[in-house]
Amino acid sequence: MSDNTDYNNNSEYSTVTLSLDDGSEVECAVIRTFPAGDKNYIALLPIADIDEDESEVYLYRYSISADNEPVLENIDSDEEYEIVSDAFDEELDAMEYEELYEQEDSEN
């Protein structure tokens, strides 16, 4: 996959359109941006898979360019991917905790 080509704000969620190596494009929902080590990363879910129970999440290095555009870079090493994957799992756990806490708060 190459760098992102488009970043949109949708009323429901932010999206990124990825340009694949074969020239096709995949629109993805932004799940979350998060730090891991000394870099930032982004987790993306293809829109076509958004209602699937088991779907593949794409993880990329994430930064903002000098002209304020988001930049996505591939994660090249297995070691870096493992670190990012673990950090993303921790982010998911935190998101689930926040949702449970908000539900309990709204019930009281």
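What the table shows:
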{"quantity": "Residue under evaluation VAL26, criteria (1) outside any strand (DSSP E or B); (2) of a type in the set (A, V, I, L, M); (3) at pLDDT 85 or above, criterion not met", "calculated": "(1)"}
{"quantity": "Which numbered condition VAL71 fails, given (1) modelled with pLDDT under 70; (2) outside any helix (DSSP H, G or I); (3) not charged (D, E, K, R)", "calculated": "(1)"}
{"quantity": "Residues located in the stretch 40-59, provided they are without any contact (Cβ under 8 Å) to a residue 24 or more places away in the chain and either in a loop (DSSP other than H, G, I, E, B) or closer than 20 Å to ASP93 by Cα (or both)", "calculated": "ASN40, LEU45, ILE50, ASP51, GLU52, ASP53, GLU54, SER55, GLU56"}
{"quantity": "Verdict on ILE47 being within 14 Å of the chain's Cα centre (by Cα) and surrounded by fewer than 18 Cβ atoms within 10 Å (Cβ to Cβ)", "calculated": "yes"}
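The values are calculated or read from the model by the stated rules, or taken from the named source; none is laboratory data. Note that the structure is predicted; figures quoted are calculated from it, not measured. All Cβ positions, even for glycine, are placed from backbone atoms using ideal geometry, and neighbour counts span all protein chains on display.
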